[in-house]
Structures are given as structure tokens and as C-alpha cells.
4 protein chains.
Amino acid sequence: MSHNSFGHLFRVTTFGESHGVALGCVVDGCPPGLALEAEEIQAELDRRKPGQSRFTTQRREPDQVKILSGVFADDRTGGRQLTTGTPIALMIENTDQRSKDYSDIRDSYRPGHADYTYDAKYGIRDYRGGGRSSARETAARVAAGAVARKVIPGITIRAALVQMGPHAVDRSRWDWDQVERNPFFCPDAETASFYEEYLDGIRKDGSSVGAVIEVVAEGVPPGLGAPIYGKLDADLAAAMMSINAVKGVEIGDGFAAAALRGEENADEMRAGNGGRPRFLANHAGGILGGISSGEPVVVRFAVKPTSSILTPRQSVDRQGAEVDLITKGRHDPCVGIRAVPVAEAMMACVLADHVLRHRGQVGGG
Amino acid sequence: MSHNSFGHLFRVTTFGESHGVALGCVVDGCPPGLALEAEEIQAELDRRKPGQSRFTTQRREPDQVKILSGVFADDRTGGRQLTTGTPIALMIENTDQRSKDYSDIRDSYRPGHADYTYDAKYGIRDYRGGGRSSARETAARVAAGAVARKVIPGITIRAALVQMGPHAVDRSRWDWDQVERNPFFCPDAETASFYEEYLDGIRKDGSSVGAVIEVVAEGVPPGLGAPIYGKLDADLAAAMMSINAVKGVEIGDGFAAAALRGEENADEMRAGNGGRPRFLANHAGGILGGISSGEPVVVRFAVKPTSSILTPRQSVDRQGAEVDLITKGRHDPCVGIRAVPVAEAMMACVLADHVLRHRGQVGGG
Amino acid sequence: MSHNSFGHLFRVTTFGESHGVALGCVVDGCPPGLALEAEEIQAELDRRKPGQSRFTTQRREPDQVKILSGVFADDRTGGRQLTTGTPIALMIENTDQRSKDYSDIRDSYRPGHADYTYDAKYGIRDYRGGGRSSARETAARVAAGAVARKVIPGITIRAALVQMGPHAVDRSRWDWDQVERNPFFCPDAETASFYEEYLDGIRKDGSSVGAVIEVVAEGVPPGLGAPIYGKLDADLAAAMMSINAVKGVEIGDGFAAAALRGEENADEMRAGNGGRPRFLANHAGGILGGISSGEPVVVRFAVKPTSSILTPRQSVDRQGAEVDLITKGRHDPCVGIRAVPVAEAMMACVLADHVLRHRGQVGGG
Amino acid sequence: MSHNSFGHLFRVTTFGESHGVALGCVVDGCPPGLALEAEEIQAELDRRKPGQSRFTTQRREPDQVKILSGVFADDRTGGRQLTTGTPIALMIENTDQRSKDYSDIRDSYRPGHADYTYDAKYGIRDYRGGGRSSARETAARVAAGAVARKVIPGITIRAALVQMGPHAVDRSRWDWDQVERNPFFCPDAETASFYEEYLDGIRKDGSSVGAVIEVVAEGVPPGLGAPIYGKLDADLAAAMMSINAVKGVEIGDGFAAAALRGEENADEMRAGNGGRPRFLANHAGGILGGISSGEPVVVRFAVKPTSSILTPRQSVDRQGAEVDLITKGRHDPCVGIRAVPVAEAMMACVLADHVLRHRGQVGGG
């Protein structure tokens, strides 16, 4: 069962609420002997953490990670801290919990938010900061992703925001180096400048806006993915769709492929190096029949606008009475921005899992 | 692990290759006491089976299903055949296996197909008709879906083809009754007529074309879906992405949501009946925070064009030598058409699973 | 979930009832490229099949296995039939279903049998031959076990009956070759002769008797087993306990270890070959901390006497009325006998699973 | 996969090493709305914690549990802290880590211990206090068990030590009230007095001794357990076998059943109350065909003597050189004693899981 776990051989279970004591995860199945320091995990967390620009929530969380288990600094191996093959528990304590900000949504349901459905399901809801449905949960994913990267050292995973609201980046100006140079993880400097102004407007309106994120994994060996129901693309789709506010996922050409003819969509091949074919195109996004082809794995997903906005919306309360609701508190005007490091983490976790699964069934590396 | 299984409490494991002895599935976890006859499963299979019009593969397969286990016609309950709570094995024997048609792809890789990746993964490949990667595997899903529908009698699941190649249906003419009246499962009679001519052209060109399918579930109770990694939408995304040739999945507004502002995307609520709110819109496609809201669950997915085409394509063979490849054999010019009943089956399986999962954790009906 | 599946990477799902159409299993996760013929599976099934001596049920079942999927006789590899990495479905059709024999237990519960509990759980019960609770289900396990042995060619797995009723074999006379030379799988020829007379008496009394089975795996590499909840011994305990009528499982010295002092129980070590220590004893039965030590893995389990006997027993019927019940039909006077090949199969499946799991997490072989 | 998780719908994942920062668990799938306070979990932990008498390890650990997530004290429900249906993370920080005590086993393998097999598997081993293989891990189980008890309020679970070394209790003097009145959890006051002297001798010898524990669940409804591979007894066998040092498990009469005849072993039935039969005996230990019968569920397991003893034993070191080894440090002379609360916790977790699973498939309560 998978209420709060994902992956099989590289298996991550997360826990924690937005305003609870702590959040974190247990990474089970990580191979032994990998060097792992809290600082490395912290570096990834710092990319996601809130309050780094005016374009993300102003909540101040250091998001300081502690490794509780699963590593050992053995003096026999030079004192380097290594994974031991036992479960790695990671914990991030919550510190900046201004719970009173949320008292007004205690009894009412934010439209477009999970408030109503959690109550409908469980009959009880930790309403402080959205509880378990808060984007804070994704900090645990980023931490797990940092461990996953250790398992797949030959694979490079990078993500970028490629559309904000209706405004897509210009792919002819794509530069991975730009991604870390603007507060939007945008690979196109010019569009990033435009976003600055655009999102300021959204923010001042008390509104929010959606986004599209693209994540690319290079150096993925052919053969990952287990048909039929453990297909690499099926697992990636689930992984990305499980991120808060995601409403669509596509691989390679995605929805555009529906409009193509067979001869356009076929990624032709020529003789390549080391016995591997060279693909002349990558419409498939690196996955054929659910199995990686050796080409870059390309995934895109759509993030809806944050539901917590200052514009009054019609809603109901717990008793079913009609209310007009404004969500104060500290929110991301474009929650898609901080989804960028989360996307990388999910890609890393899925690939780590499939590397181990492949090794398990077929052997090798 | 989930190489060939999906679902948890309503768990389906499929087996079989295109030209093997038989294909089928084991449905584990079906509740006891549900009336189930082979004829009911057959009716669903007949909607998917090949050779029903000139627009699908001309392979002639009766796709006759046999129930091997898990049901019992008890004379104490009037002789009706009921599920017993034990695993339901369903088998469809293959009959029309013209394997020689495929001898030319024995050693070469169809571009855009799983041929290369299966070989890369397993080092061996049942090349007859695509083996396990054939769309024939989806017959087992449709059979399982017919069982799943029994578990969720109050939920209506319907699917339609809403785009073929670049040509979308006109939603203002949407009529569910039309879906069964044309060979495309198209809900818009006028566009269906157009498709007839359009697809004839594609077929005569020896080409193929992609499609978009939409599947809608009505009557879904609020509360299904288990955050964070058993979200209903994450499971639906994986289920649809696991169908052959699917490259993108979206829920509700999907990718279009990225372009919206928060106030547009928020599905406002007013007081409804029986304590449940009434939603004024359904941008969310019936799922909020991974949990069903009670609104119709709406999923769309993109199917790429069939890779097996008559136009010669550049490729390589097993030894890495360059070849030009034509795929003869009997293929669907638009494999998306027969994905329509498959989509319904996957929706039924996922919802049946989540109904049981919800009951397991939270109780009730 | 695991209603009807066991194992993780080498995963077996069984289906079928005693008097249904067929029974069988799907083996998912078997590595590709292993030579596998139906005859090899049949050879294992023939050891378990009923009606081979007067000491087992007189039901005549050829137990003929068909491979439905997952193998391919590739002319490129000399036409040998190999596994392909896809699910291997195995089917055994039922032929000798004298269902009317069971009409008298349709409405009454055999004491000590699963009749009452199945009805209590599911509200419906396929009473013909015990339905799913019949020992016939173990044929599917034996078939799966034959596949599992292919995955672990270096490991020798053998089982024997070591106690019938209160009569244990004399271990000083243990001879594995004897096991196939008497109808009891008994490793001690002298005790086997005694059993012949003893069990004849039991059978003529219309009674039944319990047994203890021991299964030994030699050549198990050190390192199999995944603490804490995937311990090799925990998985073996579950596997053996899942066999019909089993009431106890022990590893190595088992219950006798409770009476030992620490210095008696410690399996001391001396320098061995190839870097591996040599153990001076094997009280632990080849498993320490849930992980194999390289010593023979030794498991014993107790089988209770068959519940279907000719001696009248007090019971109740479905309506709760009191009845006296005799079970006619064709039964094993010592169901433990046919558990011997089942024990080997379960050991093979568990070890195959753990070999793949180890490879998945830690790499190697 | 289940390296470090057990259960399906009530799913527990544990983490932590003996001398790491902390140990704990994540309980996933707990139903919402159950009152849960840290004090209740603490009460169970206090029964297991070390250093309470001279008969257990002298390590001083407060074993103070913190609830990190999954509960919410809602002022709308009177401020009682309730489970919310989200994962419950429990953490116990390690405080008394005298790691230097273990420096002598850094490079050598204690005979009978997991030292060698961990190294053989992972190539690295947290040798401090046995790392992950330490009995300290069972604290996390006891914590999870306290949560599980909340899920099954109508079921009474009690365990007792019934044999120490070769000395069994006198069942005619069985008194559950005695269990909490002696340091051995012994239900027979007279034998408890004897144990005091007996174990003192063992302890002074620097030796250790094994034990047998019995755990009984009363009030278990009929119908729990999912044949064939989710049988209640199979899950209980795995659960108990996963406890450190356990070498055998039996249900009801267990191994003694092998010596019985069918008419002795059959638990006869008479008309009972409320439609349920009344059983005249419980040889089966409350489980028939893998499903609970409504009778008390009775499980016994054997614990081997602690491997860490002061008597020198022959062993090898990491390099394979021969050594004589004494294990100093603080150890339990009879590790079976503290297994008593652990046994109750495992029984509670398995039953909670099966209650939810039954509800999921079959419905009801």
C-alpha cells in the first residue's frame, strides 16, 4: 500500500504537517557504502526553502535537516560518513508556525484547495497551514531526492520553469546556467526578467498563477522501467502528479504527439557508439514501451495557481452555510516556482528506484 | 512490487503476449457476493476487440474470455454465479496468430516502438506481434475493468475520443449516445463523419495518427484517494500512462490550468444537498488534494500515432547495422480508438481500488 | 497487498479452487534468459500429485501444467525455450471433480477445517472439495517453485518428512536418497517401513495424523535477507505457515534453542576458505540477524492431522443447528506427506526472491 | 517491498540504530479520529525499557517518545488530541550510548550474532551496540503497537513468559495478574520465584539463556485473515519471527499437533450465541484456514539465548583471522523477558492491519 510511500526498492515514506512538530521521511532500501552528509541534503533543501525572494511565501523556515539513522562514520573507512543499507530517517523541525493566521479557515473551505476533501474523507483536518496538504511536505521529497542522487551518480537531473501563466519561455534562448540565476528557475534570462514584473503584478493583485515545469534526466542507461505496470513513464507520471497542485504530466512530446502522424513521431535510429543506436529525434522523451531508450528522459507537468488568494471567493463552511472567503496568511503567488527542485527530487527518486529494480531482475551495474 | 500488477486492494495482475498461448489476468481482492457472468465481461471485450471496422487492425480475434476461478454458482443462492472473495482468473486464448508477418522485424527495431528497449533491457524479445508490448495486453485490462464495475455500481464511467490527429471534437455537440454509434467512440456525430474520411486517407497512406481520449466518472463519492502518494489523480495518471502509446495525462483543466489565475481556477462552492457543497465549476476535474470532491472525475490522455507504419523509416538491427524498415502486418491506423474502452476499464479499476482502500482506512459503505 | 501473492521481486500470485475450471499461478519478476520447459515443471508436479500410493487421496488428477506466457523459443538462440522477463502464467486444469461427494458438507462445518471461517469471512463458500482452502492450491506453488529453482541454480533444496504422528525418524540413519524411495518422503528406510504399517492402521480407522517436515537449502550464499521486516527467516516462516494445515515453524534448533545457554547456542567460527568463516555448528539454521550466514538453511514445520475424517464429530450447520458430521470423500490420511514437495517449492521461491532483492539493493551476482 | 516495513493497511516502518541519534517509526494508515496521547505510548514503552531490574541490560534509556505528526488537538472537538488519518511519526532519542564498550567487537564477529552476516551483506556495519540488529529496535515496535491497540479497542492482548531455559511455567497456576508483578512477565508466581534464583546464577556465570513467550488475543472477531498468502497465522509467524533472536513460532497446539490424530485435533462445535458456534476446544489457536474463528488467538515463540556473553568463544575477525571473543558491555541475560511487550505489540499491529484489510475487502465495522 502506498498512502505515504513511493518507490519500491528505493522506497520513501514521508510524514509531517505544515504546523506540526516536524516533517521528514524514511528512505528504505538505499544501497550501502555511499558517502552521505547532512550538508549535501541541506544544499538541495536550500534551493526549495521558502522566503528566499519576494516571489515565494514569506514564511521563514530554516528547513534544517537532521539525519537520524542509516549512516555511520566508520573510523575504519577514514571516518567518512557512509550509508549502511539500513533505513535513513531524515527530520526537519518546524519553527515558524504562525498558526493563528489560519484561524479564519478553520471552519471554511478554500475553493480549489484540499480543505473540503480532507474533511470529507477523514472527518477531521489539521487546518493549520493546510496540514498534510501543505506544500511543506515537499521538503521531505527534496531531502529524499538528495539521497537518491547518490544512487545514480552518472545521471544528471535538471529542471526548469518553462511557462508562467500563459507565458512560455523562448526555447531558442534556453541556458541551463540561467536557472540558478533568477528567482524563477527560468532557463531564459529574458523571459525571467519579464516574469519579475509579471509576477509582481499578480502578487500585488492578491492573486496567483499557474506554471509548467520541465525536468530532464541525461545519462539514463537504456533498459530502466518494468512493463506493464511498472513502466518508467507511468511511475514518473504518478510521481509528478503527486506533487501538490499538479494537474497534468507529459513525457517527451506529450499531448503534441496526438497531432502527429506516425512518420513524424517515429524517432529514427542510426548506428551509434558502443553498440547503442543513435536516435535522430526524441519525440518519445527517452522512453519507449515504458523502458528507457538511453535518450534524455523529458517530463513536463502543469501546476495550477495557488488556491490561497486574497480575492474573495464563494464557499461554504463545515456546517454547509455559504461564506465569502479571503485567504490571508503567507502564500506563494506561483507555487510552481518551488516545484522545480521538487521535480528534480522526484525524478531522482524514480530513477534510483528503477536502477535498483532493473539490477534486481536483470542484474548488472 | 508492480512489474505486472496494478491496484492494491483491488489488485490486477496481467499476463500474456500477442502471439503466445493466451493472455489474461488475475483479479485479487474483489469483494465476495457480486453477481458476475462471463457474458458481462465479454460485452466489454467486444467493444475493444479488433477487426470490427476498417479503422482497426484486421487481425481476427474472438477474444473469448473464460473465468477460471473465483466465482461460484451456489444452488443455495438461486444458482446465480457470485464472486467468492478469492482470486478471479480470466483467460483469453489467442487464435489468429499470423506470426510469419513479423519475421522482418525479428532482427530490426521499429522506430518509436518498444523493440529496441525490450532487447536492451532483457536481451531477449518475443518479437511476434510485439510480444508483451502489444496493445493486445489491454484486453486483459478491459476484462478486469468489467469486474471492477461490479464493485462500484453507483458510479457511471464513460469515455470518448475527443481528438484525432490535430482535429478536436466540437464540445458543443457532445452527445454520449453518439459514442457507440460510430467506429471512433466519438461523441460528436459531425466530427465522426469527418474522421471517417480523414482516417481513410491516413490508412491508405500507410501512415497512422495520434488521438486524445477523455474519460469521465460520475457518481464518485467524495473522499476517495489517499494522500500523499496514493492520491487518486496520481493513481489515475499512472494507470493511463501505463496504456500503450500514451504520452500525456491530465486531470480536469490539466495543462490549461497553468495559464489561469487563482480566482479563475478556484472551483467556488455554494450550499448543496445532503450536507455536500455544490461546486460552481469543475476546473479541478473532481479531485482536490488528491481526494475526490464528489464532482465528476475527468481525465484526458494523449495517444501517440502507431509506430508500425508502411512508410520506410531509418533504423538499426540487432547487430547495430543501419536498415530501412517498413512494418507490414495488421495495424491500427489510430490506436487511440481502441484505447477508449481501455480508458474506462482503467478508471473502473482505480476507483474500485480506492473505494476499498477508503473503506479499509476510514470505514463506511 | 498480499491476499494471494507472495514474494516481492520474484512474485507469485496463485488462483483456483479445488473443483473450479483450473488453478495456476502468475510468476512475475523472473529474470530473462533462463531455459524453461513445461516438462521440468511437470516433473516437480508429479512428485506432489495425488493418487500415487494408497497413502494419499485417491482423487485422480493428471495435474498437467501449461505455460501460457512469459517464455519464447527463439530460433536465434537455437530454438531453446527461454524466459523473457515477462510474467509466466502457469495453468493446471481440473479434471476429476466428483463434486457430489461434498454435498453433505455444503451446509455443515467440518471441525478443524476452514469451512466455518470462510463462511464467517465472505458469507459465501465454494464448498466443493474445500474450494480455495483445498490442498490442491499447493500444486500452483510447486509449479512456481520449479521456476524459482531456475533462478538459483547453485542452491540445492531438499525436504523430508521427519515425524509422523508421534514417531520421529532416526537421524543417525538419515539418507537423502531414501526420500524418493518410499511413499512418505522419509529419509530413514527403517522408519519408512514402520510408517507403512502405522499409516495403514490410521487409514483403516478412518482417522488421520499429523507430521513434521524438514527442508534444507545448501549452497545459500551469505547475505540474503533484509532486516528488519524482510528477514529471511521471517519470510520463510510466513511461507511455510501459509501451507494448509501448518501450525508451527522453526529455524535451526528452533524451540529447542529456548532451553540452551548462550555458550551452547553460539555457533563458533574458525578461519575458512575464500575469506568466509567456517562455522563449527549450525544451531542457527543458517540465518543470523535475519540474514543467511552461508551455512545450510534449515526449516522445520508441523502439519496438523487432516480435518476430514470418517469418525463422527460434533459440529453445527450454517443455521447454527447442531449436527454430527462424518466427512466422506477422498482424503489424505497424512496430508503432511504431500507437503514435502510443497516445502521445497516455498523454500525455492523465498530464496529466489531474496537473491533478486539482495542483487537489487546491494548488487552483485 | 518490506525491508523495514510491516503490515499493509496499518503499515509500520521503523528506523534507527542502537547508538544512532534516534530510533522510531512511521505508522501509516491509522484510521482518523482516535484519541492518542504520547503518555499512552509511553506507558507501553516503559514496560519494555531496559534497566528496570537486575535481570535486564543495565543501559539507562528513558525511551521517551515524541509524536512528530499525524495527530491534532482540535479545539472544535474539545481539544482532545486525535489521529487525523495522516502518517504518525514517533521518535525516541538515544541518550545513553556508551559506544566505547563495543570497541572490541568492532573488528570481530560475536558467534551467534548478526555481526558477520551484516558485514557479509552490506560490507559495512554500525558495530556500536549492534547497530540496527540491536534489540533496541523493538522499542519502535512497542510504540507502534500502542497506536495499533487504539484501532482494535474490543480486543484484549496479553503476553507472558512461559518458559525460561528448560523450565516451563505450571499452567495450572496461570494468573494473568501475576505477569506485571515479577520482573519476568511470568504468569505463575511460584515459577517466577524460581526464575529469580535461576537467572541470577546464569547472570553471575556471564552466560545467558533462552525463553518461550506466549501471546493471547481475546475478543478477535471471526473472519480476519486473507487466504492464501495473507493468512492471519502466516502474518503472525512473520511478525514474531522478525523479533530479534526468535527461532520458532507456533499457533495453538503448534508442533504438538503433529503428534495428534484427526479426531483429537478437531475443535468440535456446538450451537453458540448470536449465531456463532461455540468451540469445545481450541487446538487451532483461533485460526482455521488462515482466518480467525472467534476463539482466542494463541501464539508462542522461542527466543534463543543472548549471543553476547562473557564466556570466551571461538570466532574470526574481519580479516578472517581466528580470535577468542568475550562480549563485555551491558546485556540481557535472558533477552526473552523484554520480548513480552514486543510480542503484544506485534500481535496488536497484525490484528489492526487485518481488521482494516477485512473492512476493505468485505466491509463492515
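The values are calculated or read from the model by the stated rules, or taken from the named source; none is laboratory data. These figures come from a predicted structure and were not determined experimentally. Backbone-built Cβ (ideal geometry, glycine too); neighbour counts: all protein chains shown. Calculation scope for accessible area: heavy atoms of the full protein, side chains included, ligands and nucleic acids excluded. Shrake-Rupley method; radii C 1.70, N 1.55, O 1.52, S 1.80 Å.
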Interchain or long-range residues, amide H under 5 Å from D:Leu288's placed H: D:Ser293
Shape call, the stretch D:1-50: gyration tensor on alpha carbons, a/c limit 1.5: oblate
Per-selection Kirkwood Rh - the protein assembly as shown (Cα, Å, 1 d.p.): 32.5
Among D:Leu68, D:Leu280, D:Leu23, residue whose mean-square fluctuation peaks in a GNM of chain D (springs only between Cα atoms under 10 Å): D:Leu280
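Within 10 Å of each Cβ of B:16-24, how many other protein chain Cβ atoms are there on average?
Partner Cβ neighbours, averaged per residue: 5.
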Span per principal axis, largest first, for the Cα atoms of the stretch C:1-128 (Å): 58, 37, 22
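Tell me, in nm to one decimal, what length is gained between A:Leu280 and A:Arg76 on full extension, where the rule is 0.36 nm per residue of separation less the Cα-Cα distance?
Details: separation 204, 0.36 × 204 = 73.44 nm, distance 4.95 nm.
Here the segment from A:Leu280 to A:Arg76 would lengthen by 68.5 nm.
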Whether the stretch C:99-197 is rounded, prolate or oblate, judged on the alpha carbon gyration tensor where a/c under 1.5 counts as rounded: oblate
Test item: A:68-80 mean partner chain Cβ contacts at 10 Å: 5
Estimated FRET transfer efficiency (B:Glu264, C:Gln64; beta-carbon r; R0 60 Å; 0.05): 0.40
Choice from B:Arg270, B:Arg48, B:Arg158 with maximal GNM fluctuation in chain B (Cα, 10 Å cutoff): B:Arg270
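Could you tell me which of rounded, prolate or oblate describes chain B, using a ≥ b ≥ c as the square roots of the eigenvalues of the alpha-carbon gyration tensor, with rounded for a/c under 1.5 and, failing that, prolate when a/b is larger than b/c and oblate otherwise?
Numbers: a/c = 1.75, a/b = 1.27, b/c = 1.38.
Since a/c reaches 1.5 but b/c is at least a/b, the shape of chain B is classed as oblate.
What is the mean number of Cβ atoms from other protein chains located within 10 Å of the Cβ atom of each residue in peptide B:207-216, rounded to a whole number?
On the way: counts 4, 6, 7, 11, 3, 4, 1, 0, 0, 0.
Shielding by partners across B:207-216 averages 4.
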Position C:Lys328, label points 7 Å along Cα→Cβ, spacing to each other copy in nm (shortest first, one decimal): 6.4, 7.7, 8.4
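Could you order B:Asp170, B:Asp177 by accessible surface area, starting with the largest, using a probe radius of 1.4 Å? Could the numbers behind the result be given before it?
Working: B:Asp170 55, B:Asp177 95 Å².
Per-residue accessible area, sorted high to low, gives B:Asp177, B:Asp170.
Ordered by packing density, taken as the mean number of other Cβ atoms within 10 Å over each peptide's residues, highest first, how do D:245-257, D:24-36, A:229-241 rank?
Most protected by this proxy first, the peptides run A:229-241, D:245-257, D:24-36.
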By accessible area with a 1.4 Å probe, ligands and nucleic acids excluded, highest first: order of D:Phe301, B:Phe194: B:Phe194, D:Phe301
Probe 1.4 Å - accessible area at D:Trp176, Å² to nearest ten: 60
Span-like helix ranges in chain A, DSSP H, alpha carbon extent 24 angstrom or more, Kyte mean at least -1.0: A:339-362
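Listed here are the pairs B:Lys304/B:Lys328; A:Lys231/D:Lys231; B:Lys204/B:Lys304; A:Lys49/D:Lys66; C:Lys231/D:Lys66; B:Lys231/B:Lys304; which of them are more than 22 Å apart at the Cα? Provide the component values of the computation, followed by the final result.
Numbers: B:Lys304/B:Lys328 19 Å; A:Lys231/D:Lys231 30 Å; B:Lys204/B:Lys304 19 Å; A:Lys49/D:Lys66 25 Å; C:Lys231/D:Lys66 28 Å; B:Lys231/B:Lys304 26 Å.
Going by Cα-Cα distance, A:Lys231/D:Lys231; A:Lys49/D:Lys66; C:Lys231/D:Lys66; B:Lys231/B:Lys304 fall outside the 22 Å limit.
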For chain B, built as a Gaussian network whose Cα springs stay under 10 Å, the top-fluctuating residue of B:Arg149, B:Arg313, B:Arg110: B:Arg313
Carbon and sulfur %, accessible surface of the stretch D:242-285 computed with the full protein complex present, 1.4 Å: 46
Amide H within-cut-off set for C:Gln64, under 5 Å, with H built and near neighbours excluded: C:Glu93
Portion, in percent, of the accessible area of the stretch D:123-194 that falls on carbon or sulfur, probe 1.4 Å: 47
HN-Hα J in Hz across the stretch B:82-93 - Karplus 6.51, -1.76, 1.60, θ = phi - 60°, x for Gly and Pro: 10, 5, 10, x, 8, x, 9, 9, 10, 10, 10, 7
Where labels lie 7 Å past Cα in the beta-carbon direction, separation of A:Arg173 and C:Glu322 in nm: 9.2
Sequence ranges D:69-75, D:305-311, ranked by mean other-Cβ count within 10 angstrom, highest first: D:305-311, D:69-75
Mean accessible surface per residue for the stretch C:246-365, computed with a 1.4 Å probe while every protein chain stays in place, in Å²: 28
D:Thr95, A:Thr86, reordered so the largest accessible area comes first (probe 1.4 Å): D:Thr95, A:Thr86
Accessible surface buried once C binds B (1.4 Å probe; total of both sides; Å²): 3900
